[in-house]
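> What follows is a structure written as structure tokens; I'll ask about it next.
The values are calculated or read from the model by the stated rules, or taken from the named source; none is laboratory data. Here the structure is a predicted model, which means the values were calculated and not measured. In this analysis, Cβ positions are derived from the backbone assuming ideal geometry, glycine residues included, and neighbour counts consider all displayed protein chains. For the accessible areas, the whole protein counts, side chains as well, though only heavy atoms, and no ligand, DNA or RNA atoms are used. Shrake-Rupley method; radii C 1.70, N 1.55, O 1.52, S 1.80 Å.
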Amino acid sequence: MAESMLGWKRTHRCTELSIKNAGEEVTVMGWVQKQRNKGGIIFVDLRDRSGILQVIFEESDCGAGSFAKAEKMRSEFVIAVVGKVEKRSGAVNENLATGEIEIRAKQARILSESETPPFPVEADSKTKEELRLKYRYLDLRRPDIQQKMMLRSKIVSKMRDFMAEEGFLEIETPVLCKSTPEGARDYLVPSRVHPGNFYALPQSPQLYKQLLMCSGYDRYFQIAKCFRDEDLRADRQPEFTQADMELSFVDVEDVIEVNERLIQYICKEAIGLEVSLPLPRMTWKEAMERFGSDKPDTRFGMELVNVSDVVAGCGFGVFSAALENGGSVRGINVKGQAAMPRKKIDALVDFAKGYGAKGLAYLSVQEDGTYKSSFAKFMTPEQLTMLADKMNGEKGDLLLFAADKNDIVYNVLGALRVELGKQLGLIDESIFHFLWVVEFPLLEWSEEENRFMAKHHPFTMPMEEDWGYIDSDPGRVRAKAYDIVLNGVELGGGSVRIHQNDIQEKMFEVLGFTKEKAWEQFGFLLNAFQYGVPPHAGLAYGLDRFVMLLVHADNIREVIAFPKIKDASCLMTQAPGSVDDKQLAELQIAVAKQEHAEAEEKGE
């Protein structure tokens, strides 16, 4: 039967005790990690969020009642113990922070009993993630998960300290917002009071923080919940947390400067990492041409090489077709892998196809100086040598090529480069490479929409020197936009915002909005811009991603208390779920039934 805490008060967490506390009487509380009954003596490993502490029960010290309770204790029982801190009678346990001491129990209470857990509550669990997420409240007891969650809390706390010191005001923005186009799908919330109308959950606080700049708040900051109805992956969730900021009377350099110091401070305070400033920068164009990605992993080489000039007119149809269609031929040099089995090369081809490639061409430089290639018959030995030289190919190297439109070539080789980096162990996982990627295109062409779309969002300021091309060559216009990248992952992004009405209206025009449509969707912002708006800029970090990378987690779910899985459902609560008809009626919503089952029954 469970007992109460009446009259008892915890004096210490487990690892707050050390040899310095020897001789003191203390009260500790937590979960039983393990119980070992050695006959006249019982050892209990007591666990709380700080770590593990050994407790010893002997009947001569704690009495028959407490000793009987100790005999009953099992994994995950919640207990309280009053006892004396002593130097460990056995060997020191170097693996525990409390390895020099133990508690000799005088009294004990069982505060709560536990059924046998569906999996062991232990660090580095080998239990399938689906089962752990179903019982997430147990999974969260695991020491390694708790360490990550506590570090997350520390990062947020230190971030708030820094931002307050820098003059930022923490201001909350609404969660029930107006749905706007451009970007990922909104999560919609029906309104009972306004039947047939919907709120949207915010994809970011973007418009509100710009309005705060219009309101004169100068420097804004928020740890903001955001929501996007999009497909998930390892570093993405349908609901996530942003560390969001906006600043007035600033340009690109001002935003980068304060954020570099923020990164330096967080890394030092949270994990003891020294980050040297200034951080390196790379233009979007350079990042794409060298790494095939706007979030390049710069911890290893294997950079892309443009060989279009070398293969022009070579007679290989795949190369020729790509060049004739305005594309390019580019390659990567996989050093020392000329002997890679054909089966493995075929697997790389399949991998590349998953990123839009029609195939991969390869050229291996044999140890005797000859070439083995999928396209050798279309080129002379001299042309093959020129190609290998352009790729810095040496004996024993494997050269892989993609030929298509530039965006496909970048996508394919950028992904292939990272995949090979992982397979071949070229990436030092212990290091942190921060990088600013700057001067993004303002616009990108959408084949699906048959129009230009905003690369970031419709409120991004173009670079003044490029604005003259907005009508004649919109794709040439660069934006005052910047992303902060860590180890090949986008940590955050931002831009200088448009604060002039004429530029904003032109931007909407280029994006295909009529003036009426723009005012319908964004009227509250455009109206505010008529009353004196300061130049302003901002940035937002994906806080979950930042923590994930700093703790070397493999998946963003490891640093979110109650995450969703790939289909955006929660295994623990079974959300999303159906609601009763009364709730739907109040909202004047009818759920459309799938009719295919009825049709099958009728033989249609």
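> Using the crude model of +1 on Lys and Arg Cβ and -1 on Asp and Glu Cβ, and no other charge, please compute the dipole size for segment 1-146 relative to its Cα centre, in debye to 20.
Rounded to the nearest 20 debye, it is 180 debye.
> Of all accessible surface on segment 127-174 at a 1.4 Å probe, what whole percent is carbon and sulfur?
So the carbon and sulfur contribution to the accessible surface is 50 percent.
> For segment 247-310, rounded, prolate or oblate, judged on the Cα gyration tensor with a ≥ b ≥ c (square roots of eigenvalues), a/c < 1.5 rounded, else prolate if a/b > b/c?
oblate
> Once phi is turned into θ = phi - 60°, what whole-Hz ³J(HN,Hα) does the Karplus curve with 6.51, -1.76 and 1.60 give for every residue of segment 236-244, x standing for Gly and Pro?
9, 9, x, 10, 8, 10, 10, 9, 10
> To continue, here is another question. Take the cross-link list K34/K566; K20/K69; K285/K455; K128/K564 and give me the ones stretching past 25 Å between alpha-carbons.
In this structure, K34/K566; K20/K69 lie more than 25 Å apart at Cα.
> Okay, next question. Whenever you get a sec, line up K209, K106 from highest to lowest accessible area (probe 1.4 Å, protein heavy atoms).
Result, largest first: K106, K209.
> Working out 0.36 nm times the residue gap between L277 and N93, then minus their Cα-Cα distance, what length gain in nm do you get to one decimal?
Full extension of this stretch gives 62.2 nm more.
> Taking the Cα centre of the chain as the origin and placing charges on Cβ (Lys, Arg +1; Asp, Glu -1), which of V591, I560, S215 is farthest toward the positive end of the dipole?
Ranked along the dipole, the leading option is I560.
> Let me ask you something else. State the Cα centre-to-centre distance between segment 110-152 and segment 480-531 in whole Å.
44 Å
> Something else: Would you grab the residues whose amide H sits under 5 Å from the one on K34? Only those 5+ places off in sequence or on another chain, please, with H modelled 1.01 Å from N.
Under 5 Å from the amide H of K34: D45.
> To the nearest 0.05, how large is the calculated FRET efficiency for E509 and N450 if R₀ is 22 Å and r is the Cβ-Cβ distance?
0.85
> Another question, if that's okay. Sort T241, T385 by heavy-atom solvent-accessible area, probe 1.4 angstrom, most to least.
My answer, sorted largest first, is T385, T241.
> How much of K335 can a 1.4 Å solvent probe reach, expressed as accessible area in Å² and rounded to 10?
Rounded to the nearest 10, that gives 100 Å².
> Taking a temperature of 20 °C and a viscosity of 1.002 mPa s, what whole-number D in µm²/s does Stokes-Einstein yield for the chain with Rh from Kirkwood over alpha carbon pairs?
Roughly 74 µm²/s, to the nearest whole number.
> Could I ask something else about it? Determine the share of segment 472-579's accessible area contributed by carbon and sulfur atoms, expressed in whole percent, with a 1.4 angstrom probe.
Summing carbon and sulfur atoms, their accessible area is 50 percent of the total for segment 472-579.
> With every protein chain present, what accessible area does D254 have (1.4 Å probe, heavy atoms only), rounded to the nearest 10 Å²?
About 70 Å², rounded to the nearest 10.
> Using only alpha carbon pairs under 8 Å that are at least six residues apart, calculate the relative contact order of segment 114-190 and give it in whole percent.
Worked out over segment 114-190, it gives 18 percent.
> Still on this structure, please answer the following. With point charges of +1 on the Cβ of Lys and Arg and -1 on the Cβ of Asp and Glu, referenced to the Cα centre of segment 48-195, which listed residue (L133, I155, S66) lies farthest in the positive direction of the dipole?
Among L133, I155, S66, the one farthest towards the positive end of the dipole of segment 48-195 is L133.
> Right, here's the next one. Can you work out ³J(HN,Hα) from phi for every residue in segment 189-201, in order, using Karplus 6.51 cos²θ - 1.76 cosθ + 1.60 and θ = phi - 60°, giving whole Hz and x for Gly and Pro?
Listing the rounded values in order: 10, x, 9, 6, 6, 10, x, x, 10, 9, 8, 10, 6 Hz.
> Could you check how much of the accessible area of segment 231-342 is carbon and sulfur, as a whole percent, using a 1.4 Å probe?
Whole-percent figure for carbon plus sulfur exposure: 50.
> At a Förster radius of 60 Å, what calculated FRET efficiency corresponds to the Cβ-Cβ distance of Q583 and K335, to the nearest 0.05?
My answer for the efficiency is 0.45.
> Ok, one more. Just how much of R152 is accessible, in Å², when a 1.4 Å probe is used and the result is rounded to the nearest 10?
40 Å²
> Would you mind calculating the relative contact order of the chain from Cα pairs under 8 angstrom and at least 6 residues apart, reporting the percent as a whole number?
Computed over the chain, the figure is 13 percent.
> Got a sec? What order do T27, T283, T573 fall in by accessible area at 1.4 Å, biggest, i.e. largest, first?
T573, T283, T27
> Using the Karplus equation 6.51 cos²θ - 1.76 cosθ + 1.60 (θ = phi - 60°), what ³J(HN,Hα) coupling, rounded to whole Hz, does each residue of segment 294-306 give in order, writing x for Gly and Pro?
Values per residue, Gly and Pro as x: 8, 9, x, 8, 9, 7, 8, x, 6, 7, 6, 10, 7 Hz.
> Under 5 Å between amide hydrogens, which residues at least 5 positions from M73 or on another chain qualify, with H placed 1.01 Å from N in the peptide plane?
For M73, whose amide H was placed from the backbone, there are no distant partners under 5 Å.
> Can you tell me what share of the DSSP beta bridges in the chain is antiparallel? A percent to the nearest 5 is fine.
Just about 95 percent of them are antiparallel.
> Roughly how many whole Å is it from the C-alpha centroid of segment 281-339 to that of segment 382-405?
10 Å
> Let me ask something additional. Using the membrane-span-like helix rule (whole DSSP H runs, Cα extent along the own axis of at least 27 Å, mean Kyte-Doolittle hydropathy at least -1.0), which helices of the chain qualify?
Within the chain the helices that satisfy the rule are 143-165, 252-271.
> Over the chain, with the other protein chains present, what is the accessible area per residue in square angstrom, probe 1.4 angstrom?
Normalised by residue count, the accessible surface of the chain is 50 Å².
> Now for a separate question. Run down the aspartates and glutamates and flag those whose C-alpha is under 16 Å from the C-alpha of K148, throwing out any fewer than 8 positions away in its chain.
D48, E122, D124, D139, D235, E269, D544, D554, E558
> Around S293, which amide H atoms from residues at least 5 apart in sequence, or from another chain, sit under 5 Å from its own amide H, with H modelled in the peptide plane?
When sequence neighbours closer than 5 places are left aside, the close amide H contacts are M288.
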